[in-house]
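The values are calculated or read from the model by the stated rules, or taken from the named source; none is laboratory data. Computed from a predicted structure; not experimentally measured. Glycine also receives a Cβ, built like all others from the backbone with ideal geometry; neighbour counts cover every protein chain displayed.
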Amino acid sequence: MKPRRIIHIDMDCFYAAIECRDDPSVADLPVGVGGSGGRGVLTTCNYIAREFGCRSAMPVFKARELCPGLVLKPVRFDVYQAEARKIRKIFREFTDIIEPLSLDEAFLDATDAPGYAWDVAKEIRRRIFAETKLTASAGVAPNKMLAKIASDWRKPNGQFAIRPHEVEAFVRKLPVRKLWGVGPKTAARLAESGVEACGQLQEWPRARLYTEFGHNWGESLYELCRGEDDRQVETVRVRKSLSTENTFERNLSTLDACRTALSALLDELAADLAKRPGERPYTKIFVKLKFANFRTTTREAAARSLDRELFDRLLGDAFARSPHAVRLIGVGVRFPDPAETNPDQLELSLDG
């Protein structure tokens, strides 16, 4: 079986780049995209703004403290979606095996594409710029994890490849924090044991990884630190949840105020579900709260309808978890794995 050739395409500061393209007067200034209200959050920002410490998901007031000259542009999802459709159309000229991760990035399986994967990625980036005047970075590797790491290696507007015979040496020096699924807590936990690079983690036997992280995550770490990732490029991504939320101009300090906000959010959620008549039935509902200290908590329960009394109880339970006022409320539903709702399909997959 020939090695897979996976390309990860990642647009450079996609939303902010579009705003700078459409308004050249701000192209050389620090630009952020997000809400302008007192509770607004940055959706993204350009590289100039990042030099000041601005980051995605940062409150706008904090971004302005770090960068007083920040130019804030409102979010224009319709424009970003239109540009994303142009880019996806370019992808389809090279392969039908495409896994979008968001509007601004995707995996492409170029195993059966003619020519070298490096040249395919280079041509895709050239076409994107020619048709949209936006730059993209690309990573080429034998698997998804390494391709995503590679696309970040020479950002912005760069390209990097990890060939099969280079994987072992490349991964040995790779910081463990670069591995898929390794967040700050896991990285810090490993650092306490003297593990900074994947080569050091490779010295841990499976038994130690299982003890430290449990069987499933321990096994994943054993494979990932060796550059192994057998995940396929999935052309269909199954929706796991549907939700809506609101960040308030003023924090809500009472449960009654939260209940009033909850009612409006449930109306929005019901409307969103009504727009998806073919969606598979959901099996859980949840309430998410973010408090004034930016801590988040979620309460969920099994349900097959938008039971407002149950939502109210979940809200009360979540509200009681903190003495702080509420900054954000979110409500949503969770969908089961398709196999869980189709016994015949499940039996077939187990027997095959």
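May I ask you to say which residue of LEU221, LEU266, LEU209 is touching a Phe, Trp or Tyr at 6+ places or on another chain (Cβ under 9 Å), farther than 30 Å from LYS173 by Cβ and among the aliphatic types (A, V, I, L, M)?
LEU266
Considering (1) surrounded by 13 or more Cβ atoms within 10 Å (Cβ to Cβ); (2) over 26 Å from the mean Cα position of the chain (by Cα), say which one GLU203 fails and leave the rest.
(1)
Can you tell me which of (1) modelled with pLDDT of 95 or more; (2) in contact with a strand residue (DSSP E or B) (Cβ under 6 Å, 6 or more places away or on another chain) is the one PRO142 doesn't meet?
Exception for PRO142: condition (2).
Which of the residues that make up the stretch 37-71 are hydroxyl-bearing (Ser, Thr, Tyr), in contact with a helix residue (DSSP H, G or I) (Cβ under 7 Å, 6 or more places away or on another chain) and over 19 Å from ILE329 (Cα atoms)? Spell out how you get there, then give the answer.
Our first condition is that a residue be hydroxyl-bearing (Ser, Thr, Tyr); within the stretch 37-71, this holds for 43-44, 47, 56.
Imposing the further condition that a residue be in contact with a helix residue (DSSP H, G or I) (Cβ under 7 Å, 6 or more places away or on another chain) reduces the set to 43-44.
Of everything in the stretch 37-71, just one residue is hydroxyl-bearing (Ser, Thr, Tyr), in contact with a helix residue (DSSP H, G or I) (Cβ under 7 Å, 6 or more places away or on another chain) and over 19 Å from ILE329 (Cα atoms), namely THR44.
Look at ALA57 and say whether it is within 27 Å of GLU245 (Cβ to Cβ), without any contact (Cβ under 8 Å) to a residue 24 or more places away in the chain and either assigned by TED's automatic domain parsing to the domain that holds VAL71 or not hydrophobic (A, V, I, L, M, F, W, C) (or both).
When the stated conditions are applied, ALA57 passes them.
In the stretch 1-51, what residues are over 30 Å from ARG250 (Cβ atoms) and assigned to a strand (DSSP E or B)?
Result: ILE6, ILE7, HIS8, ILE9, ASP10, MET11.
Restricting the stretch 54-79 to residues that are charged (D, E, K, R) and assigned to a loop (DSSP other than H, G, I, E, B), which is farthest from PRO30 (Cα to Cα)?
Across the stretch 54-79, the extreme among qualifying residues is ARG76.
In the stretch 242-262, what residues are exposed (fewer than 13 other Cβ atoms within 10 Å of the Cβ) and outside any loop (DSSP other than H, G, I, E, B)?
Result: GLU249, ARG250, ASP256, THR260.
Can you name every residue in the stretch 85-127 that is under 23 Å from the mean Cα position of the chain (by Cα), without any contact (Cβ under 8 Å) to a residue 60 or more places away in the chain and assigned to a helix (DSSP H, G or I)?
ARG85, LYS86, ARG88, LYS89, ILE90, ARG92 - these are the residues of the stretch 85-127 that are under 23 Å from the mean Cα position of the chain (by Cα), without any contact (Cβ under 8 Å) to a residue 60 or more places away in the chain and assigned to a helix (DSSP H, G or I).
Out of everything in the stretch 235-253 that is touching a strand residue (DSSP E or B) at 6+ places or on another chain (Cβ under 9 Å) and more than 30 Å from ALA106 (Cβ to Cβ), what residue ends up being modelled with the lowest pLDDT?
So the residue we want is PHE248.
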